[in-house]
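The values are calculated or read from the model by the stated rules, or taken from the named source; none is laboratory data. Model, not experiment: these values are computed from the prediction. Neighbour counts are summed over all protein chains in view; Cβ atoms, including those assigned to glycine, are modelled from backbone coordinates with ideal geometry. Just the protein is used for accessible areas: all its heavy atoms, side chains included, with ligands, DNA and RNA removed. Shrake-Rupley method; radii C 1.70, N 1.55, O 1.52, S 1.80 Å.
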Amino acid sequence: MHKDLISIKDLSGQDLHAIFSLTDTLKHEPQKFAHRLQGKTLALVFEKPSNRTYVSFQVGMYQLGGNSIYLGPEHIKLGVRETIHDAARTLSRYVDAIVLRTFAHQVVLDMAKYAEVPVINGLSDLLHPCQGLTDIYTIKERLGRTKGVTLAYIGDGNNVCHSLLHGCAKTGVNLHVATPKGYEPDAKIVQESLHFARSTGAKIKLFHDPKKAALGADVLYTDVWASMGQEKEAEKRKKTFKEFQINKKLLEATGKRTMIMHCLPAHREEEITGEAIDSANSIVFDQAENRLHVQKAVLITLMRDKAL
Ligand code: CP
Ligand code: NVA
């Protein structure tokens, strides 16, 4: 495994298997790991808001016997008060790992380059690997397999969609992505995913019609239409994405019993109806819970050399 978790693209099949199997143990026998990261400190450098990522990393460190420090937008002021280089090298003298949530993906790459300790991408404008890993783990946990499962992602070709592309391609999940024209996922990430899919058999297809994408799906997945940093486009996007909503009709269009996933936060009655998110098909809160277990496995794996 690499020093950092920047992208699912960097994880081998063996890495994924190891993380998921450690997650299983952490979820079902957490007491075994109560002191695993004793004396370790995690820095949470967040330039955007968060509930799940922030709380699950902080609680995860606490449950593993370690500490965490929250550094919000007013603290370090990366690239403004000091260079990323200097901030990364300084933090490396105090903490044992860094979670970074930021805007430009290059900031995560630079932090990882200059930090001597592991850097975990807690979401950038391009990728959300902790979410993607959790989503695949959740599918595997629910259905007992990943190969041959079909997931339909309905909405914006954004960071969450990109990490799902990598995650599905690497684990054999067939992925249908339905977006409005002009909001398709990044072409390079699609190409990378098609490449990974060759060895796992995952079928990856892009659509502009949500109903066509939903047909035969075991899982329907969506995310907000306007991501953090796109607030000014929100009104325009509401019109463009109107048909890209998970609702009862779309659920029926799958033609089978389908689970509903959402990375959260959700904008009810926009990308998903309240009825859908609260329905028996929805597993969104189990998915949110799994962020904690999967990230604990990531923390132990990345800090392993120093932790044991
Ligand atoms: N899904 C997710 O990352 O949620 P937060 O933005 O609340 O961390
Ligand atoms: N695409 C969303 C995900 C939030 C977890 C965003 O970047 O705001």
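In Å², what does the accessible area per residue of the chain work out to with a 1.4 Å probe? Spell out each step's value before the answer.
Values: 13480 Å² over 308 residues.
Per residue, the chain has 44 Å² of solvent-accessible surface.
Have a look at V108, L251, T41 and report the one farthest towards the positive end of the charge dipole of the chain, computed about the Cα centre with Cβ charges (Lys/Arg +1, Asp/Glu -1).
Selected residue: L251.
Averaged over every viewing direction, what's the projected area of the C-alpha convex hull for the stretch 102-176? Give it in nm², one decimal, please. Provide the component values of the computation, followed by the final result.
Numbers: hull surface 21.8 nm².
Its Cα hull, projected and averaged over all orientations, spans 5.5 nm².
For the chain, with only Lys/Arg (+1) and Asp/Glu (-1) charged at the beta-carbon, what is the dipole magnitude about the Cα centre, in debye rounded to 20? Write down the numbers at each step before the final one.
Numbers: 41 positive and 35 negative charges, 110 e Å.
Around 520 debye, computed over the chain.
Loop only by DSSP, 11 or fewer other Cβ within 10 Å of the Cβ. Give me the trypsin sites (Lys or Arg not before Pro) in the stretch 192-231 that pass, ordered by residue number. Don't skip to the answer; put the middle values down first.
Values: sites: R198, K203, K205, K211, K212; in loops: K203.
Sparse-neighbourhood loop trypsin sites (Lys or Arg not before Pro): none present.
Using only the alpha-carbon atoms, what does the chain span along each of its principal axes? Please give whole angstrom values in decreasing order.
54, 42, 36
Over 28 Å between Cα atoms: which of K181/K203; K170/K248; K113/K296; K188/K296; K147/K236 fall into that group? Working shown, then result.
Numbers: K181/K203 21 Å; K170/K248 30 Å; K113/K296 23 Å; K188/K296 30 Å; K147/K236 37 Å.
Over 28 Å Cα-Cα: K170/K248; K188/K296; K147/K236.
Please list F207, F285, F103, F57 from largest to smallest accessible area, probe radius 1.4 Å, with all protein chains kept in place.
Values: F207 45, F285 125, F103 85, F57 0 Å².
So, going from the largest accessible area down, we get F285, F103, F207, F57.
What order do R89, R81 take when sorted by accessible area (1.4 Å probe), most exposed first? Show your work: numbers first, answer last.
Numbers: R89 115, R81 175 Å².
Final ranking, largest accessible area leading: R81, R89.
What area, in nm² and to one decimal, does the C-alpha convex hull of the stretch 151-308 cast on average over all directions?
Averaged projected hull area, Cα only: 10.5 nm².
By how many nm would the segment from T41 to R304 grow when fully extended, if each residue of separation counts as 0.36 nm and the alpha-carbon distance is taken off? Mind dumping the intermediate values first?
Values: separation 263, 0.36 × 263 = 94.68 nm, distance 1.36 nm.
Result: 93.3 nm gained on full extension.
Can you find, among T150, A234, C161, the residue sitting farthest towards the positive end of the charge dipole of the stretch 147-248, where Lys and Arg contribute +1 and Asp and Glu -1 at Cβ?
T150
Sorted by accessible area (1.4 Å probe), largest first, how do H35, H166 line up? Don't jump to the answer; show the numbers that get you there.
On the way: H35 130, H166 0 Å².
Output order, biggest surface exposure first: H35, H166.
How large is the helix-only mean residue ellipticity at 222 nm for the chain, computed as the sum of -39500 (n - 2.57) over DSSP H runs with n ≥ 4, divided by its residue count, in deg cm²/dmol to the nearest 500?
Details: 13 runs with 136 residues, N = 308.
Mean residue ellipticity, 222 nm, calculated: -13000 deg cm²/dmol.
Leaving ligands, DNA and RNA out of it, report the carbon-plus-sulfur percent of the accessible area of the stretch 81-158 at a 1.4 Å probe. Write out the running numbers ahead of the final one.
Details: 1350 of 2780 Å².
Carbon plus sulfur share of accessible area: 49 percent.
Name the longest site-free stretch of the chain, where the excluded sites are GluC sites (Glu not before Pro) in a DSSP loop with no more than 14 other beta-carbon atoms within 10 Å. It would help to have the intermediate numbers written out before the result.
Values: sites that count: E74, E116, E243, E269.
That gives 117-242 as the longest site-free run.
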